[in-house]
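The values are calculated or read from the model by the stated rules, or taken from the named source; none is laboratory data. In this text the structure is predicted, and so the values were computed from the model without any measurement. Positions of Cβ are backbone-derived with ideal geometry, glycine not excepted, and every protein chain shown enters the neighbour counts.
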Amino acid sequence: MKKTIVITGATGVLGNLVAKTFGGHGHNIALLGKDQIKLDSLTRDLNLPAGQLYSQAIDLLDGQAVHDSAEFVFSKFGRVHALIHLVGGWTGGRTIPESSSSDFESMLDQHAWTTFHLLHAFVPYITASQWGRVMVVSMPVTVKPTARMALYAAAKSAQESLVLTLAEEYKERGLTSNVIHVKSIDTKGEGKGTKPEEIVSAMTYLFSDEAGKINGARISLY
């Protein structure tokens with residue numbers, strides 16, 4: 001059955017592969033990002049029928065814009081089944097006293113606030129489908145913090161709390177919500193870290209009906 005998947009951060013190496021994989025499986029793909037030029041390039045690469053694809057340059061920190069986007073995605077495809085949220089960078093390398101409040105704000109914006117706005121806007125549509133998946137990629141520093149990673153770890157912990165709480169709130173309504181943990185992503189094919197293909201393989205399984213009991217999990221891929 002064709003489903004509708006919302007992907008953020010799709011113009012990155014991992015997001016690109018996620019979009020190509022699920023689009024290639026015949027699903028509807030909604031791409032949300034901040035760089036229209038990169039989105040247009042990815043859209044050309046995907047080469048999907050217009051009725052199967054939607055892309056939008058958007059500020060995910062603008063809650064109203066995200067709600068408007070959710071409404072449009074729903075109106076275009078009729079249903080929304082999944083959110084794969086891959087936006088977010090890294091700021092670190094400093095002790096807590098060496099860190100700035102602006103860096104902390106940036107981390108919270110990229111990881112916690114974008115996640116909140118996306119869940120707030122899209123989850124009602126996903127649960128209306130009575131079958132749903134939410135996935136994010138994080139790092140094990142949320143469970144076992146390491147030195148000079150406090151800002152990132154705190155922001156990702158907030159993101160994980162939102163995602164894992166969602167799992168509890170909607171577990172009786174066909175929605176699963178999970179976190180994939182990696183230590184690093186081998187985007188350059190150097191043999192260091194987790195390969196994007198390995199992450200997408202895990203996502204493909206989580207997206208299957210057979211994975212319906214996997215919910216509220218931190219899945220280690222390292």
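Quick check, is residue 165 free of Cβ contacts under 8 Å to residues at least 24 places away in the same chain, closer than 22 Å to residue 121 by Cβ and either in a helix (DSSP H, G or I) or more than 19 Å from the chain's Cα centre (by Cα) (or both)?
Details: free of Cβ contacts under 8 Å to residues at least 24 places away in the same chain: yes; closer than 22 Å to residue 121 by Cβ: yes; either in a helix (DSSP H, G or I) or more than 19 Å from the chain's Cα centre (by Cα) (or both): yes.
The answer is yes for residue 165.
Any chance you could count how many residues in the stretch 81-112 are touching a Ser or Thr at 6+ places or on another chain (Cβ under 9 Å), of a type in the set (D, E, K, R) and part of a loop (DSSP other than H, G, I, E, B)?
Matching residues across the stretch 81-112 total 1.
Give all pairs with beta carbons closer than 8 Å in which a residue from the stretch 97-109 that is under 22 Å from residue 62 (Cβ atoms) meets a residue that is part of a loop (DSSP other than H, G, I, E, B) and polar (S, T, N, Q); count only pairs at least 6 apart in sequence or on separate chains.
Qualifying pairs under 8 Å: 103/91; 106/91; 107/91.
Out of the residues in the stretch 21-45 that are surrounded by fewer than 17 Cβ atoms within 10 Å (Cβ to Cβ) and basic (Lys, Arg), which is farthest from residue 83 (Cα to Cα)?
First pass over the stretch 21-45, keeping only residues surrounded by fewer than 17 Cβ atoms within 10 Å (Cβ to Cβ): 24-26, 34-37, 40-41, 44-45.
From what's left, basic (Lys, Arg): 34, 44.
Values: 34: 17, 44: 22 Å.
This residue is 44.
Pairs under 9 Å by beta carbon, first residue within 14 Å of residue 6 (Cα to Cα) in the stretch 33-59, partner of a type in the set (Ser, Thr, Tyr) and not in a strand (DSSP E or B), six or more apart or different chains?
Partner pairs satisfying both residue conditions: 33/11; 39/11; 53/43; 55/43; 56/69; 58/69.
I'd like to verify a number: residues in the stretch 145-159 that are over 16 Å from residue 114 (Cβ atoms) and buried (at least 18 other Cβ atoms within 10 Å of the Cβ), how many? Break it down into steps so the answer makes sense when it comes.
If we filter the stretch 145-159 for residues that are over 16 Å from residue 114 (Cβ atoms), which is where we start, we get 145-150, 153.
Checking the rest, the ones that are also buried (at least 18 other Cβ atoms within 10 Å of the Cβ) come to 149-150, 153.
The total comes to 3.
Taking the residues in the stretch 188-206 that are touching a residue at least 24 places away in the same chain (Cβ under 8 Å) and more than 15 Å from the chain's Cα centre (by Cα) as candidates, determine which candidate is surrounded by the fewest Cβ atoms within 10 Å (Cβ to Cβ).
Narrowing the stretch 188-206 to residues touching a residue at least 24 places away in the same chain (Cβ under 8 Å): 193-194, 196-197, 199-200, 203-204, 206.
In the following step, the residues that additionally are more than 15 Å from the chain's Cα centre (by Cα) were identified as 193-194, 197.
On the way: 193: 16, 194: 20, 197: 12.
In this case the residue turns out to be 197.
Looking at residue 21, is it in contact with a Gly (Cβ under 9 Å, 6 or more places away or on another chain) and of a type outside the set (Gly, Ala, Ser)? Please lay out each step first, then the result.
Details: in contact with a Gly (Cβ under 9 Å, 6 or more places away or on another chain): no; of a type outside the set (Gly, Ala, Ser): yes.
No, not satisfied.
Residues in the stretch 203-215: is at least one among the hydroxyl-bearing types (Ser, Thr, Tyr) and touching a helix residue (DSSP H, G or I) at 6+ places or on another chain (Cβ under 9 Å)? Explain how you work it out, then say what you get.
Step one: list which residues in the stretch 203-215 are among the hydroxyl-bearing types (Ser, Thr, Tyr), which gives 204-205, 208.
Among the residues that remain, those that are also touching a helix residue (DSSP H, G or I) at 6+ places or on another chain (Cβ under 9 Å) are: 204-205.
Scanning the stretch 203-215 turns up at least one residue that is among the hydroxyl-bearing types (Ser, Thr, Tyr) and touching a helix residue (DSSP H, G or I) at 6+ places or on another chain (Cβ under 9 Å).
In the list 60, 48, 53, which residue meets the criterion of being surrounded by 16 or more Cβ atoms within 10 Å (Cβ to Cβ), over 27 Å from residue 180 (Cα atoms), modelled with pLDDT of 95 or more and out of contact with any Cys (no Cβ under 9 Å at 6 or more places or on another chain)? Step through it out loud before you land on a result.
On the way: 60 fails: over 27 Å from residue 180 (Cα atoms); 53 fails: over 27 Å from residue 180 (Cα atoms).
The unique qualifying residue is 48.
Considering (1) among the β-branched types (Val, Ile, Thr); (2) modelled with pLDDT of 95 or more; (3) within 25 Å of residue 151 (Cα to Cα); (4) touching a Phe, Trp or Tyr at 6+ places or on another chain (Cβ under 9 Å), say which one residue 91 fails and leave the rest.
All conditions pass for residue 91, except number (2).
Going by what's in this entry, would residue 185 be described as touching a His at 6+ places or on another chain (Cβ under 7 Å), touching a residue at least 40 places away in the same chain (Cβ under 8 Å) and hydrophobic (A, V, I, L, M, F, W, C)? Reasoning before the result, please.
On the way: touching a His at 6+ places or on another chain (Cβ under 7 Å): no; touching a residue at least 40 places away in the same chain (Cβ under 8 Å): yes; hydrophobic (A, V, I, L, M, F, W, C): yes.
For residue 185, the condition - touching a His at 6+ places or on another chain (Cβ under 7 Å), touching a residue at least 40 places away in the same chain (Cβ under 8 Å) and hydrophobic (A, V, I, L, M, F, W, C) - is not met.
Report whether or not residue 112 is of a type in the set (Gly, Ala, Ser), buried (at least 21 other Cβ atoms within 10 Å of the Cβ) and under 15 Å from the mean Cα position of the chain (by Cα). It would help to see each step written out before you state the result.
Values: of a type in the set (Gly, Ala, Ser): yes; buried (at least 21 other Cβ atoms within 10 Å of the Cβ): no; under 15 Å from the mean Cα position of the chain (by Cα): yes.
So residue 112 fails the test.
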